[in-house]
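The values are calculated or read from the model by the stated rules, or taken from the named source; none is laboratory data. Just so we're clear, the structure is a prediction, and the values are computed from it rather than from any experiment. Quick reminder, even Gly has a Cβ in these numbers, built from the backbone with ideal geometry, and neighbours come from all protein chains shown. Ligands, DNA and RNA are excluded from the accessible area calculation, which covers all protein heavy atoms including side chains. Shrake-Rupley method; radii C 1.70, N 1.55, O 1.52, S 1.80 Å.
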Amino acid sequence: KNFQVEALIPEYFNKPNSDVYFRFYDGFIKPIDKRFEFNWLRVYRHWLFGKYLKGYDSIYDFGCGSGINTAILAHLFPQKKLHCLDWVASSKHIADLMAKKWGWNVSGHVFDMFSPDYGLKISGKSAFITYTSLEQMGTQYRAFVEFAIKKKAALCISVDSFDELYSRTSALDQLAVKFAEKRNYLRHYLDYLRRLESKKKIKIMKIKRIRFGSIYQDNNSYIVQPNAHISAGLL
């Protein structure tokens with residue numbers, strides 16, 4: 001698509017207006033603008049990344065997909081080294097094109113989060129991001145968490161739907177829990193991190209439920225974990 005940044009927008013953002021509803025607090029909304037979700041997420045990512053990633057030299061985006069996070073990060077932090085990592089070679093190819101055509105400081109890597117490659121070199125004072133990429137891992141995320149711990153990432157940010165944050169008395173929230181179970185999406189991740197924290201292997205700095213998401217889940221909540229050896233925080 002002539003190397004236009006707009007080509008990075010995933011196709012699922014281009015649904016017909018009649019089919020688009022979103023969770024918002026304890027109900028649903030139907031936006032007038034079909035680009036509402038993408039525009040909201042663009043603002044949200046600018047805020048989230050700008051707030052937490054300023055002090056890090058390198059950023060590793062695991063499960064980067066089309067590279068839309070990279071476009072935002074390159075705009076916010078043109079001097080930082082960006083790494084796009086995904087299961088599929090096409091994501092690496094996109095990252096390589098970004099570097100070649102737009103001059104961004106980005107590298108692409110094929111990376112399996114189920115079986116992490118410890119040969120991947122992690123630069124000092126680096127941040128890890130998983131932006132809804134843990135979703136597809138179900139309960140098989142322990143190897144990746146262990147990888148992050150052993151590689152001493154200075155900061156980890158996980159954005160996803162976390163079942164522990166849903167209310168047990170809300171029918172809408174329990175729908176989200178049942179949906180994750182049915183689809184074998186991410187489950188019990190926060191409980192696992194809390195167990196690691198109780199063993200002093202990690203420290204959790206921030207847990208925030210964002211009450212906006214797809215029709216079934218609040219999938220923009222986040223957890224922030226700083227390195228315990230670098231700050232007073234996690235990983």
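Taking the condition β-branched (Val, Ile, Thr), part of a loop (DSSP other than H, G, I, E, B) and touching a residue at least 12 places away in the same chain (Cβ under 8 Å), does ILE210 pass? Taking the combined requirement at face value, the residue satisfies it. Regarding PRO31, is this residue of a type outside the set (A, V, I, L, M, F, W, C) and open to solvent by less than 30 Å² (accessible area, probe 1.4 Å)? Yes: the conditions hold for PRO31. Of all residues in the stretch 98-119, those satisfying the criterion of being in contact with a strand residue (DSSP E or B) (Cβ under 9 Å, 6 or more places away or on another chain) and open to solvent by 50 Å² or more (accessible area, probe 1.4 Å) are TRP104, ASN105, VAL110, ASP117. So which residues in the stretch 92-110 are touching a Lys or Arg at 6+ places or on another chain (Cβ under 9 Å) and farther than 12 Å from LEU82 by Cβ? Matches in the stretch 92-110: VAL110 only.
So, of the residues in the stretch 133-165 that are in a loop (DSSP other than H, G, I, E, B) and either among the basic types (Lys, Arg) or free of Cβ contacts under 8 Å to residues at least 12 places away in the same chain (or both), which turns out to be farthest from TRP87 (Cα to Cα)?
Filtering the stretch 133-165 down to residues in a loop (DSSP other than H, G, I, E, B) leaves 133-134, 138-141, 151-154, 161-162.
In the following step, the residues that additionally are either among the basic types (Lys, Arg) or free of Cβ contacts under 8 Å to residues at least 12 places away in the same chain (or both) were identified as 151-152.
Values: LYS151: 19, LYS152: 22 Å.
Ranking the qualifying residues of the stretch 133-165, first place goes to LYS152.
Just a yes or no: is a residue in the stretch 175-189 more than 23 Å from SER115 (Cα to Cα), in contact with an Asp or Glu (Cβ under 8 Å, 6 or more places away or on another chain) and either open to solvent by less than 70 Å² (accessible area, probe 1.4 Å) or free of Cβ contacts under 8 Å to residues at least 12 places away in the same chain (or both)?
Taking the stretch 175-189 first, the residues more than 23 Å from SER115 (Cα to Cα) are 175-179, 182.
Going one step further and asking which of them are in contact with an Asp or Glu (Cβ under 8 Å, 6 or more places away or on another chain), we end up with 176-177.
Those left that are additionally either open to solvent by less than 70 Å² (accessible area, probe 1.4 Å) or free of Cβ contacts under 8 Å to residues at least 12 places away in the same chain (or both): 176-177.
Looking through the stretch 175-189, at least one residue is more than 23 Å from SER115 (Cα to Cα), in contact with an Asp or Glu (Cβ under 8 Å, 6 or more places away or on another chain) and either open to solvent by less than 70 Å² (accessible area, probe 1.4 Å) or free of Cβ contacts under 8 Å to residues at least 12 places away in the same chain (or both).
Need the failing condition index for ALA71 against (1) open to solvent by less than 30 Å² (accessible area, probe 1.4 Å); (2) modelled with pLDDT of 95 or more, just the number. It is condition (2) that ALA71 fails.
Test of understanding: among ILE223, ILE149, ILE210, ILE129, which residue is under 18 Å from the mean Cα position of the chain (by Cα), closer than 25 Å to ASP57 by Cα and open to solvent by 10 Å² or more (accessible area, probe 1.4 Å)? If you could, list the steps in order and put the result at the bottom.
On the way: ILE223 fails: open to solvent by 10 Å² or more (accessible area, probe 1.4 Å); ILE210 fails: closer than 25 Å to ASP57 by Cα; ILE129 fails: open to solvent by 10 Å² or more (accessible area, probe 1.4 Å).
Just a single option satisfies the conditions, and that option is ILE149.
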